[in-house]
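Just below is one structure, and these are the notes that go with it.
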């Protein structure tokens with residue numbers, strides 16, 4: 001009997017000792033987890049504060065710093081002076097009349113008058129540079145219907161009258177020829193008489209033109225550029241030569 005009681009006591013003691021060890025172990029484990037949790041929580045909060053501080057610094061400081069750098073002026077220092085100078089304007093050349101010549105339109109043919117109006121409009125304002133050679137045909141170009149030219153009286157090479165586009169152009173070229181003759185420093189390079197008499201200038205003072213065959217040319221030896229002014233008005237063909245100085 002006493003032996004059984006002793007065994008029970010030993011078993012009870014073993015159970016109590018085991019229970020105590022288990023309780024002690026659980027307490028240590030709980031304390032460790034709590035400490036780890038607090039440590040992790042503190043570390044996370046510190047990281048958040050560091051990140052917020054970094055973001056605030058990078059988004060504001062550079063912009064403010066740049067603005068202050070661009071606008072700040074050192075004390076007692078004047079702003080740099082501009083080196084820009086006003087644009088220089090070239091004065092317009094002075095125009096001086098060299099000569100003028102007019103011829104009367106003897107025909108009532110409206111086609112012929114239309115042709116002369118087209119030609120004088122094309123010729124008007126032409127600048128002949130000093131030392132350059134002027135060509136009537138190259139300046140006016142061919143007399144074609146696409147340019148508005150109509151058929152009017154012309155002479156063929158045998159002196160026969162016929163109809164052709166640009167009839168009347170020779171009166172413009174002859175008027176120009178006489179204006180050129182009045183200026184000694186304009187040198188005639190090419191000039192052709194008509195194959196028959198023309199009524200608008202004296203014999204020997206005409207200048208026949210036909211694109212691709214007969215041309216009227218002169219060289220500008222005046223020392224200045226010249227401008228040709230031409231028009232049809234009040235029944236006359238008018239040419240004025242201006243010196244540009």
Does region 114-130 contain any residue that is closer than 18 Å to residue 198 by Cα and modelled with pLDDT of 95 or more?
yes
For residues that are in contact with a strand residue (DSSP E or B) (Cβ under 7 Å, 6 or more places away or on another chain) and under 18 Å from residue 230 (Cβ atoms), scanning just region 137-148, find the one that is surrounded by the most Cβ atoms within 10 Å (Cβ to Cβ).
143
Of all residues in region 99-112, which are in contact with a strand residue (DSSP E or B) (Cβ under 8 Å, 6 or more places away or on another chain), surrounded by fewer than 19 Cβ atoms within 10 Å (Cβ to Cβ) and either not assigned by TED's automatic domain parsing to the domain that holds residue 189 or not in a loop (DSSP other than H, G, I, E, B) (or both)?
99, 100, 102, 104, 111
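Quick grid of which residues meet (1) surrounded by 14 or more Cβ atoms within 10 Å (Cβ to Cβ); (2) under 21 Å from residue 242 (Cβ atoms); (3) touching a residue at least 24 places away in the same chain (Cβ under 8 Å); (4) touching a helix residue (DSSP H, G or I) at 6+ places or on another chain (Cβ under 6 Å):
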position	(1), (2), (3), (4)
150	yes, no, yes, yes
157	no, no, yes, no
161	no, no, yes, no
168	yes, no, yes, yes
173	yes, yes, yes, yes
179	yes, yes, yes, no
192	yes, no, yes, no
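Using the structure shown, decide if residue 222 is assigned to a strand (DSSP E or B) and modelled with pLDDT of 95 or more.
It is false that residue 222 is assigned to a strand (DSSP E or B) and modelled with pLDDT of 95 or more.
The values are calculated or read from the model by the stated rules, or taken from the named source; none is laboratory data. Since the structure is predicted, the reported quantities are computational estimates derived from the model, not experimental observations. Cβ: placed from backbone, ideal geometry, glycine included. Neighbour counts: every protein chain shown.
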